[in-house]
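Below: one structure in structure tokens.
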Amino acid sequence: MKVTEGQLVDPGGNFAVIAGRFNDFIVERLIAGCRDGLRLHGIDPDTRAELIWVPGAMEIPLAASLAAQSGRFAGIIALGAVIRGATPHFDLVSNAVANGCGRVALDQSVPVSFGVLTTDTVEQAIERAGTKAGNNGWNAALAAIQMVSLQRALGA
């Protein structure tokens, strides 16, 4: 059986990094991890990535859609932090952002990697933004590289 998969090598093209400002003390760490992931895989984030700030996680899917429609980006990396509070707002935002990013990828045929943290506590968010649980920004950058590579390997 022939196997086709994305590679962790520079697939070419530019990347949009969409970042929600809400909980920016966490998101800044995700951005740093994303930059490192891109750089260590041969993509200079200063010349081949554009950071696009939005007010919060809820606005990430629209910005991702606009970035995809622009035709300027081979891949999109969504970064944000949604931390559970005492209201059902967390569930509404988390679901809307995840579904919206997935829809953008399918509707626009542009890979969108999901580096939006959805955690119960601030401590869990900190763990996933560069301490003992790794850095979701790094993971999202690598997923984007692999998916752009896969898209090119499939001739799409």
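The values are calculated or read from the model by the stated rules, or taken from the named source; none is laboratory data. Just so you know, these numbers come straight off a predicted model, no measurement behind them. Note that we place each Cβ from the backbone using ideal geometry, even for glycine, and neighbour counts take in every protein chain shown.
Mind listing whichever residues of region 107-143 are within 23 Å of G6 (Cβ to Cβ) and of a type in the set (D, E, K, R)?
Answer for region 107-143, where residues must be within 23 Å of G6 (Cβ to Cβ) and of a type in the set (D, E, K, R): D107, R128.
Something else now. Name the helices (runs of 4 or more DSSP H) wholly inside region 55-156 in which the number of residues that are in contact with a Lys or Arg (Cβ under 9 Å, 6 or more places away or on another chain) and within 15 Å of L30 (Cβ to Cβ) is 1 or more. Walk me through it before giving the result.
Values: elements: 60-70, 89-108, 122-127, 136-153.
Per the criteria, 122-127, 136-153.
Search region 138-150 for residues that are modelled with pLDDT of 95 or more and pair each with any residue that is among the basic types (K, R) when their beta-carbon atoms are under 6 Å apart and the residues are at least 6 apart or on different chains.
From residues that are modelled with pLDDT of 95 or more, there are no pairs.
Might you check whether a residue that is part of a loop (DSSP other than H, G, I, E, B) and under 14 Å from the mean Cα position of the chain (by Cα) occurs anywhere in region 29-50? Break it down stepwise before answering.
Looking only at region 29-50, we keep the residues that are part of a loop (DSSP other than H, G, I, E, B), and these are 40-44.
Filter once more, keeping what is under 14 Å from the mean Cα position of the chain (by Cα): none.
The answer is no; no qualifying residue exists.
Anything in region 73-96 that is farther than 20 Å from R35 by Cβ and either touching a Phe, Trp or Tyr at 6+ places or on another chain (Cβ under 8 Å) or without any contact (Cβ under 8 Å) to a residue 24 or more places away in the chain (or both)? List them, or say none. Even if it seems obvious, please write down each step before you answer.
Keep residues of region 73-96 that are farther than 20 Å from R35 by Cβ, which gives 82-96.
The answer is V82, I83, R84, G85, A86, T87, P88, H89, D91, L92, N95.
Yes/no per residue for (1) surrounded by fewer than 24 Cβ atoms within 10 Å (Cβ to Cβ); (2) within 14 Å of G137 (Cβ to Cβ); (3) of a type in the set (V, I, T):
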{"position": "L8", "(1), (2), (3)": "yes, no, no"}
{"position": "G20", "(1), (2), (3)": "no, yes, no"}
{"position": "L38", "(1), (2), (3)": "no, yes, no"}
{"position": "H41", "(1), (2), (3)": "yes, yes, no"}
{"position": "L79", "(1), (2), (3)": "no, yes, no"}
{"position": "I83", "(1), (2), (3)": "yes, no, yes"}
{"position": "H89", "(1), (2), (3)": "yes, no, no"}
{"position": "D107", "(1), (2), (3)": "yes, no, no"}
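Six or more apart or on different chains, Cβ under 8 Å: which pairs go from a residue in region 43-63 that's touching a residue at least 40 places away in the same chain (Cβ under 8 Å) to one that's among the acidic types (D, E)? Could you list them?
If the second residue must be among the acidic types (D, E), the pairs left are I43/D10.
Continuing with this model, one more query. Select from region 12-28 the residues that are among the β-branched types (V, I, T) and part of a helix (DSSP H, G or I) and write down the one among them that is farthest from the chain's Cα centre (by Cα). So that I can check it myself, show each step before the final result.
Within region 12-28, the subset among the β-branched types (V, I, T) is 17-18, 26-27.
In the following step, the residues that additionally are part of a helix (DSSP H, G or I) were identified as 26-27.
Details: I26: 14, V27: 11 Å.
Going through the qualifying residues, I end up with I26.
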